[in-house]
Amino acid sequence: MAMPVCLISGTGPGTGSALARRFAEGGYRVALLARNEERLAALEKELPNAKGYRCDVSDAAQIELVASAVEHDLGKPCVVIHNAVGGAFGTFREIDPAVLNRNFQVNTMGLLYLARRFSPAMVDAGKGAIVATGNTSALRGKPGFAGFAPTKAAQRILAEAMARDLGPQGVHVAYVVVDAVIDLEWTRKRWPDRPDDFFIKPRAIADEIWHVVHQDRSAWSFNVELRPFGEAW
């Protein structure tokens, strides 16, 4: 029996890499999408059933080329995880409007392009899963996140529209809100005095997304929120 295929966009050093490892361990062939070729090459060496593809998910033409290559090399993905993210800090007066547009292209349009390309095969098969990784900015607009929060809110609403459309056709769509600071080298430097349990572990995020993808179809989740036990919300 052929191994199932999982495609992950934004396979960076945190959540993306953790997702790649979790699904590879779970018996999947993994298509790794990112713009950093060195990182892709390193993950390919670490994970024997993974293959990297340089891709800017804001570009529909690049997604089409990569999708065809993935299907040729690995097979049709039955799981697509949109983890690529464009972010920025600043109030609505401070941000460059072009940055907001760029983030919208990565966060929202990237999800649209991936779903439009891969969901038809899932519908034909009567099964599959599409997951977008979000964060608290998808739920509220704070002053310093004007260049980011609108794009994540749009991403969440797009995912909800997709879930209502694709769910009855057998395809599970979910939105995972990470309400926490992810444990990464740069976040440790930014919050050097915080204890370990202040941070959320990338592996823990990956484990929960694995769980969501493999939920029984009689009890699918859409909105999933993750935060450390001590997080004030």
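The values are calculated or read from the model by the stated rules, or taken from the named source; none is laboratory data. What you see is a predicted model; the values in this text were computed from it and never measured. Note that each Cβ is placed from the backbone with ideal geometry, even for glycine, and that neighbours are counted across all protein chains shown. All accessible areas refer to the heavy atoms of the entire protein, side chains included, with ligands and DNA or RNA removed. Shrake-Rupley method; radii C 1.70, N 1.55, O 1.52, S 1.80 Å.
Condition first: of a type outside the set (A, V, I, L, M), within 17 Å of the chain's Cα centre (by Cα), under 18 Å from G110 (Cα atoms) and assigned to a loop (DSSP other than H, G, I, E, B). Can you find one or more residues in the range 147-160 that meet it? Within the range 147-160 (the criterion being of a type outside the set (A, V, I, L, M), within 17 Å of the chain's Cα centre (by Cα), under 18 Å from G110 (Cα atoms) and assigned to a loop (DSSP other than H, G, I, E, B)), the answer is yes, since at least one residue qualifies.
Pairing residues of the range 30-43 that are touching a residue at least 40 places away in the same chain (Cβ under 8 Å) with residues that are surrounded by fewer than 15 Cβ atoms within 10 Å (Cβ to Cβ) and of a type in the set (K, R), at Cβ distances under 9 Å and at least 6 apart in sequence or on separate chains, gives L33/R54; A34/R54. With respect to the stated conditions, R227 fails to be touching a residue at least 40 places away in the same chain (Cβ under 8 Å), surrounded by fewer than 18 Cβ atoms within 10 Å (Cβ to Cβ) and within 20 Å of R21 (Cα to Cα).
Consider G75 carefully, then state whether it is on the phi > 0 side of the Ramachandran plot and either open to solvent by less than 50 Å² (accessible area, probe 1.4 Å) or touching a Phe, Trp or Tyr at 6+ places or on another chain (Cβ under 8 Å) (or both). Yes, satisfied.
For the range 200-218, the condition of being within 12 Å of V181 (Cβ to Cβ) and part of a loop (DSSP other than H, G, I, E, B) holds for at least one residue.
In the range 45-75, what residues are charged (D, E, K, R) and within 19 Å of the chain's Cα centre (by Cα)?
Taking the range 45-75 first, the residues charged (D, E, K, R) are 45-46, 51, 54, 56, 59, 64, 71, 73.
Passing the criteria: K51, R54, D56, D59, E64.
Of the strands (runs of 3 or more DSSP E) lying entirely inside the range 19-94, those containing at least 1 residues that are farther than 26 Å from V177 by Cα are 50-54.
Given P143, P120, P168, which one is modelled with pLDDT under 95, over 13 Å from the mean Cα position of the chain (by Cα) and either on the phi < 0 side of the Ramachandran plot or open to solvent by 10 Å² or more (accessible area, probe 1.4 Å) (or both)? Outline the logic, then answer.
On the way: P120 fails: modelled with pLDDT under 95; P168 fails: modelled with pLDDT under 95.
Exactly one residue qualifies, and that residue is P143.
Within the range 92-106, one or more residues are within 24 Å of N223 (Cβ to Cβ) and open to solvent by less than 20 Å² (accessible area, probe 1.4 Å). From the residues in the range 173-200 that are in contact (Cβ under 8 Å) with a residue 60 or more places away in the chain and buried (at least 16 other Cβ atoms within 10 Å of the Cβ), which one is nearest to the chain's Cα centre (by Cα)? Across the range 173-200, the extreme among qualifying residues is V178. Within the option set R29, R22, being under 13 Å from L74 (Cα atoms) and either open to solvent by 10 Å² or more (accessible area, probe 1.4 Å) or touching a Phe, Trp or Tyr at 6+ places or on another chain (Cβ under 6 Å) (or both) holds for one residue only, R29.
Looking at the range 202-224, which of its residues are among the charged types (D, E, K, R), in contact (Cβ under 8 Å) with a residue 40 or more places away in the chain and closer than 18 Å to A18 by Cβ? Spell out the reasoning first.
First, pick out the residues of the range 202-224 that are among the charged types (D, E, K, R): 203, 207-208, 216-217.
Narrowing the set further to residues that are in contact (Cβ under 8 Å) with a residue 40 or more places away in the chain leaves 203, 207, 217.
Once the filter is applied, which keeps residues that are among the charged types (D, E, K, R), in contact (Cβ under 8 Å) with a residue 40 or more places away in the chain and closer than 18 Å to A18 by Cβ, the range 202-224 yields R203, D207.
Is one or more of the residues making up the range 111-126 in contact with a helix residue (DSSP H, G or I) (Cβ under 7 Å, 6 or more places away or on another chain) and in a strand (DSSP E or B)? No - not one qualifying residue is present in the range 111-126.
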